[in-house]
Every structure is written in structure tokens, then in C-alpha cells.
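The values are calculated or read from the model by the stated rules, or taken from the named source; none is laboratory data. Nothing here was measured: the structure is a model prediction, and the numbers come from that model. Methodologically, a virtual Cβ is constructed for each residue, glycine included, from the backbone with ideal geometry; neighbour enumeration extends over all protein chains shown. Each accessible area value is taken on the protein alone, full model and side chains, heavy atoms only, with ligands, DNA and RNA left out. Shrake-Rupley method; radii C 1.70, N 1.55, O 1.52, S 1.80 Å.
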Amino acid sequence: MKTVSVLLSTYNGEKYILEQLESLRIQSRHIDEVLIIDDCSTDSTVQVCRDYISYHQLNQEWRVFINETNKGWIINFHEGQKMILGDIVFFCDQDDIWKNDKVQQALDILDQHEFVDVIATREDLLYNDGNVVNARDSEGFEFINISKRPEDFYIRCSGCTMAFRRKFSESIYDEFTGCWAHDDMMWKIAGANGRMLLCHKSSILHRIHGNNASRQKRRDKCRRISDIQEYIVNLERYRDYLSRHIECEGYQEVLSVTEKHLNGNYLRLKFLQSRNILFYIRLATQYRLIYRTTHQLLGDLVVAYGKK
């Protein structure tokens, strides 16, 4: 029987952490290991976790590890992958609520599709006022395959819905750039040729509030330029990974798509730094694919010519 681990990253999460811990404990399929990595919280998050573990006598299977310095959620999730032991691993945020069958649902899918290394699901949104916006659930799923559908290049899930085979994580661990988010890294590598599956059924209540790390807006010009520079670093590593494994099915096609995204982001960087409208026209006409939405494309124009 495959063993299951949960990798939970925490930072100042005392307000919601108990609900998340409880949703892990009462899963219909028992979780063999829960690793909580706290990133130097200044509130009572660590004590809340320890008290919960002690009260429910979970000390043999649940562990709390505290970083010596604050590393940020990207590095926290990355380094945690070296510390877990289970065959199947789940990423977990501190403020969500898992549906009771989340673990069992993932295991069933991975058992049925042995070539799949990573799965993700849809999510219901839980707001501070208690309002829940349900995902459009269905029993279906799709294989993410960038080599056949270039539109799959952009991630379409939250990392907190992901589960993956630890062997796969170990095989790509060293591709980390220092700024490549764990979920996007897995989406792009597993999704290059269909080893990534997106389930259309929601598995969590994903809490939305002002402190969500992945939902911060990038309206400041300097911050946007910095984000694009980091993204370019990640794309360059992805390109190098594809080149080193070019013999894999579909990788040549994905490499071409990646080069297009790289060239577009190089141009995007030039536009924001120079404010040369000719660069923007090229972006809008030749590299529209690098933007998820028209709103994002127009956003670059606003940021470039807005207040400094």
C-alpha cells in the first residue's frame, strides 16, 4: 500500500490553521505523515499546531519543523520535499479546508493512471464572510499536454490542490532556480507530455483573504519588472531541462513553445524599461500568447506609462 505524506507550510497562520489541521485528521483515507514547516511565525501558529498534535496523540505521524530564518513560501515548499517520506505527497496551505475524500480521490486517480506523476483539482472559494463560491464540478478530468496544446503552458490550478509521486519530485528537485514556484514547476515539467492530470472535481475550500501569498497584485513598475526577470530565469531553466531531455516524447514541440514565451518576455522587459511603444505593438501583435488575458496586456501599458 502506498504511503501518504502532507507537506504543510505555515507562517503567522494562527487564525485559520486549526480548521485545516482538523480537515487533515478526519480524512476518509488515513494520512501517514504530516510535516508542518513553519517559516519563523511571530504569532502562536507553532504552539497551536503542537497543542493540536498533542491533544489528538499524533506525535508519531505529525511533525513540526521551524526554520532558523524566514525563507518565504517558495523555498519552504521546495526544501520540504527533501524532508518527506511518503510515496504520494500533497502540498497543503495553512488556511484552507480539505474535503473529506481529497486524499482517497487522488490515490484512486494515480492508481488508475500509472504514467501520471502529478494531479491537481478544481477548488471552491471560501471568503471571509463565510460565502462559498463552488467550482463547476464534474466527474471528468483532462491530461495537461503542452506538446499537443500550447495553451496548457500556463498553470490552471492552485498548488494546494496538487498531489504527486515523490519519485517524480526527486527527479526534478535540482531544477529549482530559487524563485520557481513549486506548483508551476510541477505543472510545466509533468505537463510537457501528458504526465499531469487536472481533475474537474473540487477537493478543497480555498480560503480567500488579503494575506494570500499567491494573490498579491503587481501594479508597481519596479516590482513587475522584477517579477518578469524572475520568470525569465525560470523559463530559461525550463528550456535547459527540455534540451537535456529532448529525446522524450513531445519535448521538441514544448521547447519551441518555451522559446516563443522567452522571446516575448525579453521583449516585454524591454518595453517596460524603455517605454518604447513599438515594442508594445510587437507584443500585442506577435507575442499575444505570453499574456493570460487582455487585461494583463493592457496592464503593462498602464504600468509603463503610469506614475513612477
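Ligands, DNA and RNA excluded, the heavy atoms of Lys2 present near 80 Å² of accessible surface to a 1.4 Å solvent probe. On full extension, the segment bounded by Glu170 and Tyr305 gains 44.2 nm, given 0.36 nm per residue less the C-alpha separation.
In a DSSP loop and with at most 11 other Cβ atoms within 10 Å, the GluC sites (Glu not before Pro) in segment 93-160 are Glu114, Glu139. Structure note, pairs Lys167/Lys188; Lys15/Lys71; Lys201/Lys260: Cα-Cα distances above 26 angstrom occur for Lys201/Lys260. The helix-only estimate of mean residue ellipticity at 222 nm for the chain, built from DSSP H runs of length n ≥ 4 each weighted as -39500 (n - 2.57), is -12500 deg cm²/dmol after division by the residue total. Given a 1.4 Å probe and the protein chains as shown, Glu247 ends up with an accessible area of around 140 Å². Note on the chain: GNM, Cα springs under 10 Å; of Arg268, Arg136, Arg237, the largest mean-square fluctuation is that of Arg136. The order of Thr3, Thr285, Thr121 by accessible area, most exposed first and with a 1.4 Å probe, is Thr285, Thr3, Thr121. If you roll a 1.4 angstrom probe over the protein chains with everything in place, what fraction of the accessible area of the chain belongs to carbon and sulfur, to the nearest %? So the carbon and sulfur contribution to the accessible surface is 50 percent. Close amide H contacts of Cys40 (hydrogens built in the peptide plane, cut-off under 5 Å, sequence separation of 5 or more or a different chain): Asn67. Within the listed set Cys179, Cys222, Cys199, the Gaussian network model of the chain (springs between alpha-carbon atoms below 10 Å) gives the highest mean-square fluctuation for Cys222.
Work through the residues other than Arg149 whose Cβ is under 12 Å from its Cβ and net out their charges, Lys, Arg +1 and Asp, Glu -1. Counting the neighbours of Arg149, the net charge comes to -2. Nearest 10 degrees, 0 to 90: what angle lies between the long axis of helix 294-305 and the longest principal axis of the chain (Cα atoms)? With both axes taken from Cα atoms, the answer is about 70 degrees.
What the chain shows is 49 Å² of accessible area per residue, with the surface traced by a 1.4 Å probe over protein heavy atoms. A 1.4 Å probe, protein heavy atoms only, puts the accessible area of His209 near 30 Å².
Taking amide H positions as modeled 1.01 Å from N, with prolines and chain starts lacking one, the residues under 5 Å from Trp62 and 5 or more places away or on another chain are Val34.
Taking θ as phi - 60° and the Karplus parameters 6.51, -1.76 and 1.60, the scalar couplings of segment 121-132 work out to 9, 6, 9, 8, 9, 10, 9, 4, 7, x, 5, 10 Hz in sequence order, x denoting glycine and proline.
Estimated at 0.36 nm per residue, the fully extended path between Asn12 and His209 surpasses their Cα-Cα distance by 69.6 nm.
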